[in-house]
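Some notes on the structure that comes next.
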Amino acid sequence: MKIKVKKREIQESIAKIQNIVEKKSIMPILNHFLLEVTESCFILATDLETAVKQPISAQVFEPGNVCVPAKKFYEIIKELEDDIDIELIDSWLKIQSGKSLFKLATLDSQEFPVWPHIGESLKFNLTSDFLLTAIEKTLYAAGEADARYVLNGLLMHLLPPHQFRMVATDGHRLALITAELPEIINLKEEKRIILSKKSLNELRRFLSDAKTVTLNIGKTHIMFEIDGVSFLTRMIEGEYPKYENVIPRHNEKIAFVQKDLMISSLKRVSVLSREHQNAVKTEWSRNTLIISSSDPELGEAKDEIEVEYKGEFFEIGFNAEYLIEALEEMESSLAKITMDESDKAVYLTDADSTEAYKYECVIMPLRL
């Protein structure tokens, strides 16, 4: 195998797979990517849950396949000049640029895991901008190492005839994107697809520069095809919670708040909040919101902002970080917040919703 590549392109491609390649795996092959050279050139990486295949522009002199240690190869490439010659000699990869020369130990390509076969699939297109938005506006609410494994993932929920939802929850908060997408073929039945937080976080790297993405949904895997890149990930098995049942639709206490003002106030006050819960108290009265926090060992903080609220005086506690993250993902400058009782779920959404989708968030309060 022998090729010549441009530094910038191969460096960008190898950078995108660094978090997919397993760095501490008991299987040494998963620390490697597969360099596959025929008439064209591809790199493949996998952690057995997610797999990526992406093309590389290269001048091909001799075809061949080899497994290359991803981290060390990336560190070498970053330090080289523009044109890089790569050649496989026995089991050593010769990497040369200018007067710089490296020889890197490799593994046999036959050891690399086989690319999963999707089989019959549901196939449709989305704009990459929308899919990226749906992921970014919900990812923050997914669980981290939750014992209920499905909560560590996000739910892609497709409902007939062409509604698309992306949902994430950790049991304390929930984020939901809903959109009507005519691009989806008329669905005959709903599909509930749970995908890992890690895989969707990595998918974002490939969506940012693309225009359209094709989704192929099989029985156990889903593949995203993005400008020649194939991004395949295994679905999480299990039953996702009936999230529709926890969204409060009839809260009677309604407030409209300038999003940026509330975020800034929460950040100021939470400096002195209790470390383990980031707790703040909110006091709602006519057109006024007071946010406060206290810590017996540190002190107290209080801030006041103007809001549009006409209900009775009301106190409710929150994890400030949860409120900040929910507000930051809103497109509108004005947030709509509805509340019921101090121990009941609070609902947040854009006061001025977009035509493309609807963003909703639910946060469980803290006991004061």
Glu22 being within 27 Å of the chain's Cα centre (by Cα) and free of Cβ contacts under 8 Å to residues at least 12 places away in the same chain: no
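Name the one entry in Glu81, Glu87 that is over 26 Å from the mean Cα position of the chain (by Cα), farther than 13 Å from His32 by Cα and in a loop (DSSP other than H, G, I, E, B). Can you show your working first?
Working: Glu87 fails: in a loop (DSSP other than H, G, I, E, B).
It is Glu81.
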Residues (in a loop (DSSP other than H, G, I, E, B) and out of contact with any strand residue (DSSP E or B) (no Cβ under 8 Å at 6 or more places or on another chain)) located in region 158-202: Pro160, Pro161, Asp170, Gly171, Pro182, Asn186, Lys188, Glu189
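Determine whether region 167-178 contains at least one residue that is β-branched (Val, Ile, Thr) and within 26 Å of Trp115 (Cα to Cα).
Residues of region 167-178 β-branched (Val, Ile, Thr): 167, 169, 177-178.
Next cut, within 26 Å of Trp115 (Cα to Cα) only: none.
No, there is no match, as no residue in region 167-178 is β-branched (Val, Ile, Thr) and within 26 Å of Trp115 (Cα to Cα).
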Filtered residues of region 57-114 (kept if hydroxyl-bearing (Ser, Thr, Tyr) and free of Cβ contacts under 8 Å to residues at least 24 places away in the same chain): Ser91, Ser100
Hits in region 344-366 - residues which are hydrophobic (A, V, I, L, M, F, W, C) and either within 12 Å of Ala326 (Cβ to Cβ) or outside any strand (DSSP E or B) (or both): Ala345, Val346, Leu348, Ala351, Ala356, Cys361, Val362, Ile363, Met364
Tally of residues being closer than 30 Å to Cys41 by Cβ and of a type in the set (Lys, Arg) across region 176-235: 5
Selection count where residues are among the acidic types (Asp, Glu) and surrounded by 12 or more Cβ atoms within 10 Å (Cβ to Cβ), scope region 98-125: 1
Where Met166 falls short, out of the listed (1) at pLDDT 95 or above; (2) out of contact with any His (no Cβ under 8 Å at 6 or more places or on another chain); (3) surrounded by 14 or more Cβ atoms within 10 Å (Cβ to Cβ); (4) aliphatic (A, V, I, L, M): (2)
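The values are calculated or read from the model by the stated rules, or taken from the named source; none is laboratory data. Quantities reported herein were computed from a predicted structural model and do not represent experimental measurements. With ideal geometry, Cβ positions are generated from the backbone for all residues, glycine too; neighbour counts draw on all protein chains shown.
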